[in-house]
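Undergrad: I have a structure here, written as structure tokens, and I will follow up with some questions on it.
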Amino acid sequence: MTRTPLMAGNWKSNLNHQEAVVLVQKLAWTLQDKKHDFEKAEVVVIPPFTDIRSVQTLIDGDHLSIGYGAQDVSEHDGGAYTGEISAAMLAKLGCSYVVVGHSERREHHAESDQLVNTKAGKAIAAGITPIVCVGEGLEVRQAGEHVAHTLAQVDGSLAGFTAEQVADLVVAYEPVWAIGTGEVATPDDAQEVCAAIRARVADTFSSEAAESLRILYGGSVKAVNVASIMAQPDVDGALVGGASLQADEFAGIARFY
Ligand code: PEP
């Protein structure tokens, strides 16, 4: 089974809709100029909700091969939930992916594995692939409990899904101490945890699901360090924050091969 690498750029709470359009245009031109092979790496941008419509219009209008998604989704189907964006709304905007359980949401909005599980389920039901984020903080890493901690998040976040559903999911291993700090995990660190996630999915669901599931690494990925991380057998791509805001840099990451 070959898994197509996925490079997903999480813009977080940055850029307005005009800046979003300029970034996607520059990214598309750069990838075209460098003759990027989208079979070697799928490229996805994850703008704030307010930019998704502009990004959709540009990508659809210019028939770009870049995909797009959202940074979060409501646990509710819709109705009287002020401020919430439902999975059906994201599907209507053509989102292929949605990030759930990013460490910033777990930390600042107290999102539990159970909530992440519900959100991932809503995404799946709407035909959107969840990118389920897991990963340990610095204290857990220093205590040597990073694998057990991350696997517990995987168990809770994927609970109740079928093997077929899990096969199509994306899990992003993002050690919190590496996010936005410039301190990237070593390739061996990334491989250790990504391999453990795949083994857990094989045990809990099926070996087919484990083989097909894509596992990304996230945390200070840049063009200069991406190749060594991507050389690891259980790393199938990257979830990129800061570096995805620069078209040249993100294109360099996508062209890791
Ligand atoms: C992220 O926010 O998911 C992330 C990995 O950020 P950065 O690449 O900036 O570390």
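The values are calculated or read from the model by the stated rules, or taken from the named source; none is laboratory data. All values reported here derive from a predicted model rather than from experimental measurement. Here the Cβ is made from the backbone with ideal geometry for all residues, glycine too, and neighbour counts use every protein chain on show.
Undergrad: Given the structure, is Tyr217 more than 15 Å from the ligand (Cβ to nearest atom) and touching a residue at least 24 places away in the same chain (Cβ under 8 Å)?
TA: no
Undergrad: Looking at (1) touching a residue at least 12 places away in the same chain (Cβ under 8 Å); (2) more than 12 Å from the ligand (Cβ to nearest atom); (3) of a type in the set (Asp, Glu), can you tell me which one Asp203 breaks?
TA: All conditions pass for Asp203, except number (1).
Undergrad: Would it be correct to say that Ala254 is crowded, with 18+ Cβ neighbours inside 10 Å and in contact (Cβ under 8 Å) with a residue 60 or more places away in the chain?
TA: Criteria met by Ala254.
Undergrad: Now for a separate question. So, in the range 209-237, exactly how many residues are farther than 16 Å from Thr181 by Cβ and assigned to a helix (DSSP H, G or I)?
TA: The qualifying residues number 8.
Undergrad: In addition: Only residues in the range 230-243 that are under 18 Å from Glu39 (Cα atoms) and within 6 Å of the ligand (Cβ to nearest atom) count as the first member; pair them with residues that are in a loop (DSSP other than H, G, I, E, B) and not aromatic (Phe, Trp, Tyr), Cβ under 9 angstrom, at least 6 apart or cross-chain, and list the lot.
TA: Leu239/His102; Leu239/Glu174; Leu239/Gly219; Leu239/Val221
Undergrad: Pull up the range 189-219, narrow it to residues that are surrounded by fewer than 21 Cβ atoms within 10 Å (Cβ to Cβ) and among the hydroxyl-bearing types (Ser, Thr, Tyr), then point me to the one that is nearest to Asp155 (Cα to Cα).
TA: Taking the candidates together, the pick is Thr204.
Undergrad: Here's another thing I want to ask about it. So which residues in the range 97-148 are without any contact (Cβ under 8 Å) to a residue 24 or more places away in the chain, surrounded by fewer than 18 Cβ atoms within 10 Å (Cβ to Cβ) and away from the ligand (no atom under 16 Å from the Cβ), if there are any at all?
TA: Of everything in the range 97-148, those that are without any contact (Cβ under 8 Å) to a residue 24 or more places away in the chain, surrounded by fewer than 18 Cβ atoms within 10 Å (Cβ to Cβ) and away from the ligand (no atom under 16 Å from the Cβ) turn out to be Ala110, Glu139, Gln142, Ala143, Gly144, Glu145, Ala148.
Undergrad: Would it be correct to say that Ser157 is more than 12 Å from the ligand (Cβ to nearest atom), under 18 Å from Glu42 (Cβ atoms) and among the polar types (S, T, N, Q)?
TA: So Ser157 fails the test.
Undergrad: Determine, yes or no, whether Gly69 is modelled with pLDDT of 95 or more, within 16 Å of the ligand (Cβ to nearest atom) and closer than 22 Å to Asp189 by Cα.
TA: no
Undergrad: Considering only residues of the range 75-96 that are in contact (Cβ under 8 Å) with a residue 40 or more places away in the chain and surrounded by 22 or more Cβ atoms within 10 Å (Cβ to Cβ), which is farthest from the ligand (Cβ to nearest atom)?
TA: Across the range 75-96, the extreme among qualifying residues is Ala87.
Undergrad: Also, quick follow-up: Looking at the structure I just gave you, is Asp72 crowded, with 18+ Cβ neighbours inside 10 Å, under 25 Å from Gly180 (Cβ atoms) and touching a His at 6+ places or on another chain (Cβ under 9 Å)?
TA: Yes: the conditions hold for Asp72.
Undergrad: Conditions: (1) within 10 Å of the ligand (Cβ to nearest atom); (2) over 17 Å from the mean Cα position of the chain (by Cα); (3) within 15 Å of His146 (Cβ to Cβ). Thr181 meets all but one. Number of the miss?
TA: The single condition Thr181 does not satisfy is (3).
Undergrad: Got at least one residue in the range 18-34 being closer than 27 Å to Pro233 by Cα, in contact (Cβ under 8 Å) with a residue 60 or more places away in the chain, surrounded by 13 or more Cβ atoms within 10 Å (Cβ to Cβ) and within 16 Å of the ligand (Cβ to nearest atom)?
TA: Checked against the condition, which is being closer than 27 Å to Pro233 by Cα, in contact (Cβ under 8 Å) with a residue 60 or more places away in the chain, surrounded by 13 or more Cβ atoms within 10 Å (Cβ to Cβ) and within 16 Å of the ligand (Cβ to nearest atom), the range 18-34 yields no hits at all.
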